[in-house]
Amino acid sequence: MVDDSLWIEADAGLRQLLAVLQGRGYETVGLTEQDGCITLGPIASADDLPRGRIMDTGGGHVRCRDGESDRFFDKTLPMQGLKRFVYPAHEAVAQFDDDLTITTPEVEMRPTAVFGVRACDVAAIDIFDVVFRKPPYTDARFAARRDGLLIVAVDCAVPLETCFCASMGTGPHATTGFDLALTELSDGGEHGFLVRAGSAAGRGILAELDGEAVRDDQVAAKRAQADAAAAAMTRSMPANVASVVRQSHDSPHWSEVASRCLTCANCTMVCPTCFCSTVEDRNALDGTAWRERRWDSCFSIEFSYIHGGGVRESAPARYRQWMTHKLGHWHDQFGMSGCVGCGRCIAWCPVGIDITAEAHVLAADLERAVPTMGDN
Amino acid sequence: MKPKLAVWKFSSCDGCQLTLLDCEDELLAIADAVEIAYFLEATRNRTDGPYDVSLVEGSISTPHEREQIRHVREQSRILVTIGACATAGGIQALRNTRDHGALKSAVYARPDYIDALATATPIAAHVEVDYELRGCPIDKRQLIDTLMALLSGREPRPIHTSQCVECKLAGTACVMVTQGIPCLGPVTSAGCGNLCPSVGRGCYGCFGPSESPNTQALAAEFRELGVEEAVIRDLFAGFTCAAPAFAEEIKRHGG
């Protein structure tokens, strides 16, 4: 755990922090509200942040409204995490010219500071670092974008109804993976942020900020806030979920979920760790051709298409693939869970399918089942 | 010899053919790459078949059309149906589940002048179709990409994942989740480029059912949102009402 180094005032401090980031040449991105939804977008100053706005979420339900305080970062989570900043939804990855030379388009990305990244999304970027950069298969396009990203995390004081990061061990406070992290405190008539640095770049920025030394009572308040946030989460993933999904391959519950599942792929699109893509070759009349990479999903039949047809034609098979990969086989593949507990798949599922609820049903089904020789 | 392109119209509003004329920037290049051999919407010049590629708009709604489509098929090396009418029957297929005689009398002063079939059906119900482009109207980029693919010997690959995928690729907030607006997006094929949700409207299902449409689960969610049975029925009874998945859902709601 990185120690807090500085206390900055809410308004003046945030303003200065953004100015310092911009002065260092970073594009500044942060929470913005558009079309009734909190999302990540360009921000010019701290005044652009949806201060005092909060989100109410549930299965298939997201609404923004005014909260009871003028705090900046309570109960908000952007619709999509950092995924599109490091891994665009679609882009040309190769260009073919008339003489059959193949060129790779340059990655165009100005250094970008993302302001107000939640612990779950920081954890998701850590997962992407493994997925896209684990040797020997390094994705240069991801790497270029990731290296241009500066992460200013913010600890969660009030979680959403759909959050369950505490049970995934990824939050509510960010412990690693950020350049700077903020904790918003508004006790005893003062409103400001504890600031800690998690990288050399972060330490350099921190050194430019005006603030005060951190007091013991602020550290205690921060700890209490983290405990309260974790305790406020009503959803949780079973601790043994990886083993549960591995043992549930033939569960009848997959068909029950599939009767509700639209196979629309929204869960995979909003998931900050879902990384599947498809590639397609396109050409224009002028003789140029290019290869396009586009986000795809295990909920698409075409995604598993091989000679003769899709491997996972049925909806139960596709839901099972998503959940067992995310929570089970991800461990075998990358040595960690693929779920960070952000709850987006619950909130943005049009019919409100809840991955934590389905995991609990599978776990309960296993407990009820009589153990046989084959179980492990 | 340039490939010969023909564009045919059956029962339809001409909107899909207009999409070809609306290509604007690309239109001259397309006209350069192919011989436009038959396209009455654009030119009265016509060249006899056979044709390399035929784009077919409209549904089969009259006895005459039923014969004519066979003729078109015989003359076409590749036949591509374009739009909701040609691929699903179109809005006129609403008549398929009603009394045709009564409808004719209600609409026309002299119903005896009308020589129409009792149903409006997609082209594929009558002849073999090589590729289909969905939509009401079709999407210009999909049309150009399909023509490019056919001209260069590449397989056209229109995707039939849900419309939701296009919303999420574009970063459009879900209108159902954030506003409670009933939206056919989760059961409708992608392809339009996210037109209606991007302006705060629910999807109308113009591109027809997605590859695995769970219409019952979506209808159940509409009910949760407080949408009445008749309204749920009418949501599915749009431009692609006769596409099997939507037609079945219409029946479940008293249609």
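A compact table of results
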| item | result |
| --- | --- |
| Residue within the range B:159-175 that is under 20 Å from the mean Cα position of the chain (by Cα) and more than 25 Å from A:THR39 (Cα to Cα) present | yes |
| Scope the range A:335-370; condition within 21 Å of A:ALA174 (Cα to Cα) and either of a type in the set (A, V, I, L, M) or more than 14 Å from chain B (Cβ to nearest Cβ) (or both); matching residues | A:GLY335, A:MET336, A:SER337, A:GLY338, A:CYS339, A:VAL340, A:GLY341, A:CYS342 |
| Helices (runs of 4 or more DSSP H) (entirely within the range B:160-255) containing at least 2 residues that are more than 9 Å from chain A (Cβ to nearest Cβ) and of a type in the set (Gly, Ala, Ser) | B:244-252 |
| Criterion: closer than 25 Å to A:ILE346 by Cβ, touching a residue at least 60 places away in the same chain (Cβ under 8 Å) and small (Gly, Ala, Ser) - qualifying residue of A:GLY58, A:GLY41 | A:GLY58 |
| Selection count where residues are within 12 Å of the chain's Cα centre (by Cα) and either without any contact (Cβ under 8 Å) to a residue 12 or more places away in the chain or farther than 17 Å from A:ILE38 by Cβ (or both), scope the range A:85-123 | 3 |
| The range B:203-229: number of residues that are surrounded by fewer than 21 Cβ atoms within 10 Å (Cβ to Cβ) and at positive phi | 1 |
| Single condition A:PRO272 does not satisfy, out of (1) within 19 Å of the chain's Cα centre (by Cα); (2) part of a loop (DSSP other than H, G, I, E, B); (3) surrounded by fewer than 21 Cβ atoms within 10 Å (Cβ to Cβ); (4) within 14 Å of chain B (Cβ to nearest Cβ) | (3) |
| Residues (within 9 Å of another protein chain (Cβ to nearest Cβ) and open to solvent by less than 20 Å² (accessible area, probe 1.4 Å)) located in the range A:293-309 | A:TRP295, A:SER297, A:PHE299, A:SER300 |
| Candidate set from the range B:124-143 (those that are open to solvent by 30 Å² or more (accessible area, probe 1.4 Å) and either of a type in the set (Lys, Arg) or within 14 Å of chain A (Cβ to nearest Cβ) (or both)); member that is farthest from B:GLY90 (Cα to Cα) | B:ARG141 |
| Residue in the range A:133-150 that is under 21 Å from A:MET55 (Cα atoms) and open to solvent by 20 Å² or more (accessible area, probe 1.4 Å) present | no |
| Test: residue in the range A:91-107 that is modelled with pLDDT of 95 or more and either part of a loop (DSSP other than H, G, I, E, B) or surrounded by 21 or more Cβ atoms within 10 Å (Cβ to Cβ) (or both) | no |
| Test set (1) under 18 Å from A:ARG118 (Cβ atoms); (2) in contact (Cβ under 8 Å) with a residue 60 or more places away in the chain; (3) touching a Leu at 6+ places or on another chain (Cβ under 9 Å) - A:TYR26 fails condition number | (1) |
| A:THR76 being outside any loop (DSSP other than H, G, I, E, B) and either closer than 30 Å to A:THR268 by Cα or not charged (D, E, K, R) (or both) | no |
| Listing of helices (runs of 4 or more DSSP H) fully contained in the range A:290-376 that carry 3 or more residues being over 21 Å from A:HIS249 (Cα atoms) and in contact (Cβ under 8 Å) with a residue 24 or more places away in the chain | A:344-347 |
| Subset tally (residues that are within 19 Å of B:ARG252 (Cα to Cα) and over 14 Å from the mean Cα position of the chain (by Cα)) for the range B:73-93 | 0 |
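Residue by residue, here is whether (1) of a type in the set (S, T, N, Q); (2) open to solvent by 90 Å² or more (accessible area, probe 1.4 Å) holds:
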{"residue": "B:GLY15", "(1), (2)": "no, no"}
{"residue": "B:TYR38", "(1), (2)": "no, no"}
{"residue": "B:ARG46", "(1), (2)": "no, yes"}
{"residue": "B:GLU57", "(1), (2)": "no, no"}
{"residue": "B:GLU65", "(1), (2)": "no, no"}
{"residue": "B:GLN68", "(1), (2)": "yes, no"}
{"residue": "B:CYS85", "(1), (2)": "no, no"}
{"residue": "B:ARG95", "(1), (2)": "no, no"}
{"residue": "B:ASP112", "(1), (2)": "no, yes"}
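The values are calculated or read from the model by the stated rules, or taken from the named source; none is laboratory data. Since we're looking at a predicted model, the values are computed, not measured. We place every Cβ from the backbone using ideal geometry, glycine too, and count neighbours over all the protein chains shown. For accessibility, only protein heavy atoms count, side chains too; no ligands or nucleic acids. Shrake-Rupley method; radii C 1.70, N 1.55, O 1.52, S 1.80 Å.
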